[in-house]
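Colleague: Have a look at the structure that comes next, please.
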Amino acid sequence: MGKLEYRLLKPNDTFVSIYHYQSIELEQILARRECEFFVKEGVTYKQTSSAVEDDIHIIYVKEHEHGPKEQAEDDHREITLEVRELNSLRGHPILFVSSFHTHLDVLSYIGTVYTYYNGWEWERDSAEIDEDRSVYSLYVTKTGVTYEGGKA
């Protein structure tokens, strides 16, 4: 188990600690570090960098946007990953949802460049961890390349 801290960039170029996790799996820290965005209490933060300071993993963020806090749909034991089309005009529609047993499994998925779904190749744009809804989201764009392999 490790320690994780999110630090927020303030207007005067200083950082302030905003969230602490005293006992968190290393796999979850690594999956969170792979996410460019972090959502908590309705605020979306954009990751600017990360570091390890003594025994604390640090993710540096800046505020990206504010919105209403959304609730998790249900209590589930598995880890949920939504794969969404990066399309703000359509509300970033969900292409599909997968469940994983570990954060390492999620990391192996969100850390890839290409995803295949419904006969098409999709390219990774970004990922986020949404604590309000208890999900990871992977944002992708269609490359135009068709895929004839197995199921995504």
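The values are calculated or read from the model by the stated rules, or taken from the named source; none is laboratory data. A quick note: this is a predicted structure, and the numbers were derived from the prediction, not measured. So basically every Cβ, Gly included, is an ideal-geometry build from the backbone, and we count neighbours across all protein chains shown.
Colleague: State whether one or more residues within the stretch 68-86 are outside any loop (DSSP other than H, G, I, E, B) and touching a Gly at 6+ places or on another chain (Cβ under 7 Å).
Modeller: no
Colleague: Name the strands (runs of 3 or more DSSP E) wholly inside the stretch 87-152 in which the number of residues that are within 23 Å of Thr44 (Cβ to Cβ) and out of contact with any Lys or Arg (no Cβ under 7 Å at 6 or more places or on another chain) is 2 or more. Talk me through it step by step, then tell me what you get.
Modeller: Values: elements: 94-100, 114-117, 120-130, 135-146.
Result: 94-100, 120-130, 135-146.
Colleague: I'd like to verify a number: residues in the stretch 51-97 that are touching a His at 6+ places or on another chain (Cβ under 7 Å) and either over 20 Å from Asp132 (Cα atoms) or in contact (Cβ under 8 Å) with a residue 40 or more places away in the chain (or both), how many? Steps first, answer last, please.
Modeller: Applying the first criterion (touching a His at 6+ places or on another chain (Cβ under 7 Å)) to the stretch 51-97 yields 78-79, 84-86.
Next, only the ones that are either over 20 Å from Asp132 (Cα atoms) or in contact (Cβ under 8 Å) with a residue 40 or more places away in the chain (or both) stay: 79, 84-86.
Number of matching residues: 4.
Colleague: Check whether at least one residue in the stretch 36-49 is modelled with pLDDT of 95 or more, more than 18 Å from Arg133 (Cβ to Cβ) and of a type in the set (A, V, I, L, M), and report yes or no.
Modeller: No, every residue in the stretch 36-49 fails to be modelled with pLDDT of 95 or more, more than 18 Å from Arg133 (Cβ to Cβ) and of a type in the set (A, V, I, L, M).
Colleague: Just wondering, is there one or more residues in the stretch 89-98 that are surrounded by 11 or more Cβ atoms within 10 Å (Cβ to Cβ), closer than 23 Å to Ile24 by Cβ and either at pLDDT 95 or above or within 15 Å of the chain's Cα centre (by Cα) (or both)? Steps first, please.
Modeller: Taking the stretch 89-98 first, the residues surrounded by 11 or more Cβ atoms within 10 Å (Cβ to Cβ) are 92, 94-98.
Keeping just the survivors that are closer than 23 Å to Ile24 by Cβ gives 98.
Filter once more, keeping what is either at pLDDT 95 or above or within 15 Å of the chain's Cα centre (by Cα) (or both): 98.
There is at least one residue in the stretch 89-98 that is surrounded by 11 or more Cβ atoms within 10 Å (Cβ to Cβ), closer than 23 Å to Ile24 by Cβ and either at pLDDT 95 or above or within 15 Å of the chain's Cα centre (by Cα) (or both).
Colleague: For His57, which of the numbered conditions (1) under 15 Å from the mean Cα position of the chain (by Cα); (2) closer than 17 Å to Leu26 by Cα; (3) part of a strand (DSSP E or B) fails to hold?
Modeller: (1)
Colleague: Next question, about the same structure. Restricting to the stretch 117-131, what's the tally of residues that are under 19 Å from the mean Cα position of the chain (by Cα) and surrounded by fewer than 18 Cβ atoms within 10 Å (Cβ to Cβ)? Before the answer, list the steps.
Modeller: Initial filter on the stretch 117-131 (under 19 Å from the mean Cα position of the chain (by Cα)): 122-131.
After this cut, where a residue has to be surrounded by fewer than 18 Cβ atoms within 10 Å (Cβ to Cβ) as well, the list is 123, 125-126, 131.
Adding up the residues that qualify gives 4.
Colleague: Pick out the one residue from Ser49, Ser99, Ser108, Ser88 that is closer than 17 Å to Lys3 by Cα and small (Gly, Ala, Ser). Show your work before the answer.
Modeller: On the way: Ser99 fails: closer than 17 Å to Lys3 by Cα; Ser108 fails: closer than 17 Å to Lys3 by Cα; Ser88 fails: closer than 17 Å to Lys3 by Cα.
Selected residue: Ser49, the only one of Ser49, Ser99, Ser108, Ser88 that is closer than 17 Å to Lys3 by Cα and small (Gly, Ala, Ser).
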